[in-house]
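Engineer: There's a structure below that I have some questions on.
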Amino acid sequence: MNNIYYLWLIPFFPLVGFIINGLFGKKLPKPVIHWVANVAVWSSFTVAVIAFFDLLKVVPGQRILVDPVYRWIFTGGLAIDIKFLLDPLSAVMILVVTGVGALIHVYSIGYMHDDPSYYRYFAYLNLFIFSMSILVLASNIVLMFVGWEGVGLCSYLLIGFWFEDEEKAYAGRKAFITNRIGDFGFILGILLMLVIFKTLDFVEINKILIYHGETLSVTALTLIAIFLFIGATGKSAQIPLYVWLPDAMAGPTPVSALIHAATMVTAGVYMIGRLNLLYAHAPVAMAIVAAVAGATAFFAATMAITQNDIKKVLAYSTVSQLGYMFMAMGVGAFAAGIFHLMTHAFFKALLFLGSGSVIHAMSGIQDMRQMGGLKKYMPVTYWTFLTATLAISGIPPFAGFFSKDEIIWSSFASSRGGVVLWAIGVITAIITAFYMFRLVYMTFHGENRSPEEVKHHIHESPAVMTIPMVILAILSVIGGWVGVSPVIGKLFGVENSNIFEEFLHPVFAHAHIHFHHYSEATEWWFMAISVGGALLGILIAFYLYIKRTDLPRKIALKVWPLYKLLFNKYYVDEIYYYLFIHPIYLISLLFLWRFTDVYVIDGVGVNGSAKSVRFTSRILKYWQNGDAQVYIFSFVLGVVLVLGYLLLA
Amino acid sequence: MKYNFRYGWWEKIYYPELIRGFYITSRHFFSNLWKWITGRKGAYTYQYPEEKRPISPNFRGKHYLVLKEDGTPKCVACYMCATNCPAQCIHIVAGEDPNRPEEKYPVEFTIDISRCIFCGYCVEACPKDAIRMTYDYHLADYTREALLYKKEKLLHWIETELDKDQPLIGR
Amino acid sequence: MPYNGILIMAVILFIIGITGVMVRRNIFIMLMSIELILNAANLVFIAFARAFADPAGQVIALLSITLAAAEVGVGLGIFVAIRRTHNTVNVDEINLLKH
Amino acid sequence: MLATMLIYIFGALAIFSGLMMILYRNPIHSALWFGLVLFSLAGIYALMQAHFLALIQILVYVGAITVLIVYVIALLNFDQRDLVGKVTILKGIAVIVAAILFIELLFYVGGLYVKGIAPPPEFGKAANIGLATLTRYLFPFEVISILLLVAVVGGVYIAKKD
Amino acid sequence: MFLIVIIKILFVVGVLLTFAALLTWVERKQSAVTQDRVGANRVQILGIRALGLFHIITDALKMFIKEDYVPEKVNKFLHFIAPLFPFFSALAVFAVIPFGSPIKIGGRIVELSIARLDSGLIYLFALSSLAVLGPVIAGWASHEKYALLGGMRAAAQMISYEIALGVSIIGVIMVYNTLDISLIVEKQGELLFGFLPKWGIFVQPLAFLLFLPAIIAENKRIPFDLPEGESEIVAGYFTEYSAMRWGMFFLAEFVEVAVVAAVLTTLFFGGWQFPYLFDDGFHFFGVWHLPYWLIVIIRILTFFAKWIFGIWFLQQVRWTFPRFRYDQLMKLGWKIILPWGLINIALTAIVIMLING
């Protein structure tokens, strides 16, 4: 474990940017604001790259660099440091966070150009990068929790960025409260960890698990894992706490790209990856993770089919893709999960940026039914968007194919997976391809259905927006080539083609998840099935939305109950409302207010204490006559009596 | 009155300006001290009884009456000066000398010097150049009566009392 | 060193201070009496510091002198305020708490 | 021996001045007697090898506190009409109680016998005390400094007009 | 030993009182020379005027034989003792000022200061803080409003400036790392960069710039003589004083001037240190050996030269600058000198840390 003394710079730069913009932004001209913010993030990215190369210099087995900045809490036997940790996992993650973050900062210059609260936006964005890098680089779970809460806060602030709009402010609150529920579990997990491990440092915990893992209570480990996973379901939008993410689309689109697609929502995945040993020791918890993830992936995908809001579709697709990642985590294919996290960050950020570009062009219209035929107006957006769509659909050789296929294959091959999970994965892949191409066709193909006043100023976005998109598109294509599975690699004669997994291997090596061994032919077949599924989805979409545009309506009418169910997202929000929110509201109204507040708090607590004070004071006021000397006299008298008693006794 | 002067940073740091003031006073001190040491006078002060200020040629001091060769006043008691005197401090009683019937002479010629404003009109008015002014400004005396300068005093004080250091230039 | 004598001195000063606080009406003299009590304590601190050759007593005495300075500063501020509102320094008349 | 004698002389002076302080009617006189008490105590400190503290006693107590008290008394400059004391029974009892307390304390103190050891020659020097203050007693020192700051602000605020 | 101390006390008090007496003459004569005047020179004995030096005697005579008028309602006792505070505190302060390097008499080292105290600087401040009692008691005891106003002004000013003074000097303490004034002077004999004497003014210029106005204000000299601002409050706290009691205030003020000059000399101008003169002789392009008695004499003369220069300087200041307004005075003390003093402490600390590593 070597030291690396400049790691603190990564969170430091955005913090400086946040302080400058947050304190003085109101007075600063716009160019200064975005220069400050961008320079801060790009500096972070540069430092991250330098750190990454420094990490590469170390022998693969010992790739753990720490930056002990400051001893934060030191009490009893517990020591919590502000200490940053760089290993392959956090290195990948920090590169993604700062890299994508930097690109989106650039994009935001164009997108947010006319916003009156320009400085606030960039300040929040910098604060987000700061929090996220804390989360990623944290070397103990408490510091990670600081980042975890920090990103939650930024997410809340940015979803409710246009807080003048009641609905958007409500979406922010919803995200915040839903996250709180998850955080509750997370805190319980931390406390339980403290009880079990007596330390909160990841490296220490891993050591304990490696050397004394067998002696620890599996039940306790399972509980910890489940509690932490509850936190992850909140942050990473898994069932049952995913409901906030679609509403989070109320925020500015670059925010959706950065926070609600590429980085923050993957925090849960990252957390499980960070604590992979713990999860490996708790098979039940892993099974729960896999099950929840599979369900999330499937149901979110189905919900995406019927959505008409361009960003909502992407939101549900994000939930679904996160489901994939958790599925990988759940079956023990940690590297595959992280790999998908990375590729997903590229293409999903790109999709959001593309949709942002579209929304920008459409003067704020987000309903796909009013779009169509945008291909000829905005070619760059179209081509990049198409790239990302192919990537997410899992078409080779785009990035999504490699990562997704690896997850699907792992879910079958892993000792902790199975055919059911594999089937869910494949079906979800089909649906994914379908709704993504539905999105593309409805938006870019066909004839333009937009209102007249919008139509004549549809335009391609400025370079400051398209260049990040192009960069991300390139990454969406080549980003997957670092993790080519061995069978394909053999085809091209490349040994050790899965560099990515090899790079991450030291981190996950001790988890010891067993993968069944199958022949290469089997693997090829499975690959063919998933690619075929994706192509099938694309074909259906092509048939329904290009060839027979009248058909979708007919189908919808034929299966009206199902359509309605999907369109209303399985009524989950309503169920939650009647199951939790409404009862609480009723209890508050009928019991807490009418009885507890009026009688207990007001009656006994407030008025009662006042009455008892008044009663006591009526007696005591004869002693309290306002003459200081009498008080002093009583005081001295008391001393005399006590001393006299002590003398005589 | 509104005080509009704003201090700049130079004035606000105080010390440069203080040092400038200090330099000025010290310059005076040392140059004067050097003068004293080298035996010159390093002050503008006159040590009055010992030293006297140089007096302007135009200075108008105490009056005196001019004598003829024979020791009688030149004055012919024409009252010109008394008439002209703005302060009305000249009092003349004319008399006739039977020996010299062609002109009068002053029997009494009194100047109330405590009222005199030293305007010099009497001198200007005199047709005979009989009254003149000196540079002498030592007027102090113990009684009011002593300040009523009689004819005798006006005729003769120059010879007895006039400060010999002061050149007498009549006008 | 006559430590016992010094202790008795401190006790006497302490009692003088206590008596002054209890008996005198003038708030200034009461304040000074309180200071006297503090000084009696300081005397004991320094005496024991000397007796046990431990600088702790002197440090505490130093801190207590600082404390006294703070106390006097605030106390006199209060007196000025009282004088302004009540126009008196007689503690018998400063009994607004009663009403 | 000389030191012991001087300590007793200073002590007697302190006690006498203390008595005068609470007996004088005019607070300015009281304040000056108070100053004398502090001065004699400074003398005792100096004789007990607490030179630094003796000087601090003079600097802070005599130079600042007494001056401040005199200053405020002179500033307020009240007439002494109200200060003719009413001798109440309570005050009589107060004196008696104080006397009892005195006797009780004498019982406690009289039972003590402090031998004492000879401190090293550098004991009580500024460097020594400073070292102790800024190492072992740093926390109380910081607390006191914050207290002092609070007192300054509070004093200004309280005494401010309006 | 005892005898030596008594001799030193007599010497110091004698010198101080002589200086104070001379200062009554210097004050007038220097102002006269500065202002292109002649100054007092009328008194003559047998026709000898001696530049007006005999005025000292006549002034003293006048003060002794004038009627000592005490108004009816003053508090007699306090009125009587008030002038003693500033006078004796000013005299006592000088006890810790070294006026020469230690000399050896009969195998025993004799410090050329009355007392070498471990906390000499604290002693200096402690004793000079006693001087405040004089004006405030005088003002109160006089039972007169101008006197009271003057006393109040004096007390407020002196208490305020004591703080400014204390803060401004801490830098010097930090640099020389001691409170012992004799040691401070000894340390000022070292050389900085091998050529610059390590005098206070060179190592702590900011402290000097803050200390100078603060100590002038502390002694109520022009331009900070608000307590006796004759254009506003007659003569301040000594309005009701006459004859020798007034003379005590007057004398105390002159003693204070002398003491202030000595303190400035000691803390900022190297005290008795002659540049490049060490215990064995001059170190100036080689060593020029000198006998020790000569060195001691040179050093005492150096001290006196610096001291006299300081007195001249203070008097020149007195005759140069106009009086401040009271709010300006308080603003200077609390808002300028105090914060800059704190800044100076911080800077000094940083520099010392950098140098010491």
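Please treat every number below as a calculation from the coordinates, not as lab data. All figures in this text were calculated on a predicted structure; none of them were measured in a lab. Cβ atoms come from the backbone with ideal geometry, glycine included; neighbour counts cover every protein chain shown.
Engineer: Tell me the volume per residue, in Å³, of the convex hull enclosing the alpha carbons of chain A. Please report the intermediate quantities before stating the final value.
Structural biologist: On the way: hull volume 148.5 nm³, N = 649.
Cα convex hull per residue, to the nearest whole number: 229 Å³.
Engineer: Please state the charge dipole magnitude for the protein assembly as shown, taken about the Cα centre, from unit charges on C-beta atoms (+1 on K and R, -1 on D and E), reported in debye and rounded to the nearest 20. Write out the running numbers ahead of the final one.
Structural biologist: Details: 107 positive and 92 negative charges, 200 e Å.
Dipole magnitude for the protein assembly as shown comes out near 960 debye.
Engineer: Name the helices (complete DSSP H segments) of chain A with a Cα length along the long axis of 27 Å or more and a Kyte-Doolittle mean of at least 1.0, or state none. List each step's numbers first, then the result.
Structural biologist: On the way: long enough: A:30-57 (41 Å, 1.20); A:88-111 (34 Å, 1.69); A:118-137 (28 Å, 1.28); A:166-197 (45 Å, 0.81); A:283-306 (36 Å, 1.87); A:310-331 (32 Å, 0.90); A:334-361 (39 Å, 1.30); A:419-444 (37 Å, 1.90); A:520-542 (32 Å, 1.40); A:628-648 (30 Å, 2.29).
Taking the DSSP H segments of chain A (at least 27 Å long, mean hydropathy at least 1.0), we get A:30-57, A:88-111, A:118-137, A:283-306, A:334-361, A:419-444, A:520-542, A:628-648.
Engineer: For chain D, which longest stretch is free of loop sites, where a loop site is one of the trypsin sites (Lys or Arg not before Pro) that DSSP puts outside H, G, I, E and B and that has at most 12 other Cβ atoms within 10 Å? Don't skip to the end; give the middle numbers.
Structural biologist: Numbers: sites that count: D:Lys86, D:Lys115, D:Lys160, D:Lys161.
Between the exposed loop sites, the longest stretch runs D:1-85.
Engineer: Only bridges with both residues in chain A count here: give the DSSP antiparallel percent, nearest 5. Please list the in-between numbers first.
Structural biologist: Values: 14 of 16 bridges.
Around 90 percent of the beta bridges assigned by DSSP in chain A are antiparallel ones.
Engineer: Also, quick follow-up: What angle do you read, to the nearest 10 degrees and between 0 and 90, between the alpha-carbon axis of helix E:145-176 and the longest principal axis of chain E?
Structural biologist: That helix lies at roughly 0 degrees to the long axis.
Engineer: Can you list residues whose amide H is under 5 Å from A:Ile64's amide H, if they're 5+ apart or on another chain and H is modeled 1.01 Å from N?
Structural biologist: Under 5 Å from the amide H of A:Ile64 lie the amide H atoms of A:Asn2, each far enough along the sequence or on another chain.
Engineer: Mind checking which lysines have their Cα closer than 24 Å to the Cα of A:Lys235? Skip sequence neighbours fewer than 8 apart in that chain.
Structural biologist: Cα-Cα hits under 24 Å: A:Lys83, A:Lys168, A:Lys174, A:Lys311, A:Lys312, A:Lys348, A:Lys404, A:Lys569.
Engineer: Where nothing but the Cβ of Lys and Arg (+1) and of Asp and Glu (-1) is charged, how large is the charge dipole of chain A around its Cα centre, in debye to the nearest 20? List each step's numbers first, then the result.
Structural biologist: Details: 40 positive and 35 negative charges, 196 e Å.
About 940 debye.
Engineer: Per-residue ellipticity at 222 nm for chain E, helices alone: DSSP H runs ≥ 4 residues times -39500 (n - 2.57), over residue total, nearest 500 deg cm²/dmol?
Structural biologist: On the way: 15 runs with 219 residues, N = 357.
Per the formula, -20000 deg cm²/dmol.
Engineer: For E:Lys198, go through the lysines and keep the ones whose alpha-carbon is under 21 Å away, minus same-chain ones fewer than eight residues off.
Structural biologist: E:Lys187, E:Lys306
Engineer: Is the C-alpha gyration tensor of the range B:1-44 telling us rounded, prolate or oblate? Criteria: a/c under 1.5 is rounded; beyond that, a/b larger than b/c is prolate, otherwise oblate. Each step should come with its number before you reach the end.
Structural biologist: Details: a/c = 8.52, a/b = 2.59, b/c = 3.29.
The shape class here is oblate.
Engineer: Another one. What percentages, rounded to whole numbers, describe P(r) for chain E computed over all alpha carbon pairs with 20 Å bin width beginning at zero?
Structural biologist: 27, 56, 16, 0
Engineer: When the expected Rg is taken as 2.2 N^0.38 Å, what fraction or multiple of it is the alpha-carbon Rg of chain D?
Structural biologist: Details: Rg = 19.9 Å, N = 162, 2.2 N^0.38 = 15.2 Å.
My calculation over the Cα atoms of chain D gives 1.31.
Engineer: Give or take rounding to whole Å, what are the principal axis extents of the alpha carbon atoms in the protein assembly as shown, in descending order?
Structural biologist: 166, 106, 84
Engineer: Relative contact order for chain E using alpha-carbon pairs under 8 Å, separation at least 6, rounded to a whole percent? Let's see the in-between values first.
Structural biologist: Details: 557 pairs, mean separation 77.1, N = 357.
So the answer I get is 22 percent.
Engineer: As a check on your grasp of the helix formula, calculate [θ] at 222 nm for chain B: sum -39500 (n - 2.57) over DSSP H runs of n ≥ 4, divide by the residue count, round to the nearest 500. Don't skip to the end; give the middle numbers.
Structural biologist: Numbers: 5 runs with 48 residues, N = 171.
After summing the helix terms and dividing by the residues of chain B, the value is -8000 deg cm²/dmol.
Engineer: What shape does the range C:3-93 have by the C-alpha gyration tensor, where a ≥ b ≥ c are the square roots of the eigenvalues, rounded means a/c under 1.5, and otherwise prolate means a/b greater than b/c and oblate the rest?
Structural biologist: On the way: a/c = 6.82, a/b = 1.92, b/c = 3.54.
Here the range C:3-93 falls in the oblate category.
Engineer: Now for a separate question. Under the rule of at least 5 residues apart or a separate chain, name every residue whose amide H is placed under 5 Å from the amide H of E:Gly281.
Structural biologist: Result for E:Gly281 returns E:Leu290.
Engineer: Among bridges DSSP assigns within the protein assembly as shown, what percent are antiparallel (round to 5)? Don't skip to the end; give the middle numbers.
Structural biologist: Working: 39 of 41 bridges.
Around 95 percent antiparallel, to the nearest 5.
Engineer: Counting other C-beta atoms within 10 Å, and keeping those with at most 14, which DSSP coil chymotrypsin sites (Phe, Trp or Tyr not before Pro) do you find in the range B:1-39?
Structural biologist: Details: sites: B:Tyr3, B:Phe5, B:Tyr7, B:Trp9, B:Trp10, B:Tyr14, B:Phe22, B:Tyr23, B:Phe29, B:Phe30, B:Trp34, B:Trp36; in loops: B:Tyr3, B:Phe5, B:Tyr7, B:Tyr14.
Within the range B:1-39, the qualifying chymotrypsin sites (Phe, Trp or Tyr not before Pro) (loop, at most 14 other Cβ atoms within 10 Å) are B:Tyr3, B:Phe5, B:Tyr7, B:Tyr14.
Engineer: Nearest 10 degrees, 0 to 90: what angle lies between the long axis of helix B:15-37 and the longest principal axis of chain B (Cα atoms)?
Structural biologist: 50 degrees
Engineer: With contacts defined as alpha carbon pairs under 8 Å and 6 or more residues apart, what's the relative contact order of chain C in percent?
Structural biologist: Working: 81 pairs, mean separation 26.2, N = 99.
26 percent.
Engineer: Scan around A:Phe84 for amide H atoms under 5 Å from its own, H built in the peptide plane at 1.01 Å from N, and keep only partners 5 or more places away or cross-chain.
Structural biologist: Here the answer is A:Asp67, A:Val69, since their amide H atoms fall under 5 Å of that of A:Phe84.
Engineer: Another one. Could you go through the range E:315-322 in sequence order and give the Karplus-derived ³J(HN,Hα) for each residue, using 6.51 cos²θ - 1.76 cosθ + 1.60 with θ = phi - 60°, rounded to whole Hz, and x for Gly and Pro?
Structural biologist: 5, 5, 4, 4, 9, 9, 9, x
Engineer: So if I average 1/r over every pair of distinct C-alpha atoms in the range E:139-263 and take the inverse, what Kirkwood radius in Å does that give?
Structural biologist: Working: mean 1/r = 0.0613 Å⁻¹.
Mean inverse Cα-Cα distance, inverted, gives 16.3 Å.
Engineer: Picking from E:Ile97, E:Ile81, E:Ile216, which is most flexible by a Gaussian network model of chain E using Cα springs under 10 Å?
Structural biologist: E:Ile81
Engineer: Moving on. Cut-off under 17 Å on the C-alpha distance; same-chain residues fewer than 8 positions from E:Lys220 excluded. Which aspartates and glutamates are left, in chain and number order?
Structural biologist: E:Glu27, E:Glu162, E:Glu228, E:Glu230, E:Glu232, E:Glu253, E:Glu256, E:Asp327
Engineer: Return a whole-number percent for the relative contact order of chain A, with Cα pairs under 8 Å and 6 or more residues apart as the contact set.
Structural biologist: Numbers: 1045 pairs, mean separation 75.0, N = 649.
Rounded, it is 12 percent for chain A.
Engineer: Helix-derived [θ] at 222 nm for chain A: sum -39500 (n - 2.57) over DSSP H runs of at least 4, divide by residue count, nearest 500? List each step's numbers first, then the result.
Structural biologist: Details: 29 runs with 439 residues, N = 649.
When only DSSP H runs of four or more count, the value is -22000 deg cm²/dmol.
Engineer: Then there is this: In nm, to one decimal, how far is the modelled label at A:Glu574 from the one at D:Lys115, with both set 7 Å along Cα→Cβ?
Structural biologist: About 9.3 nm, to one decimal.
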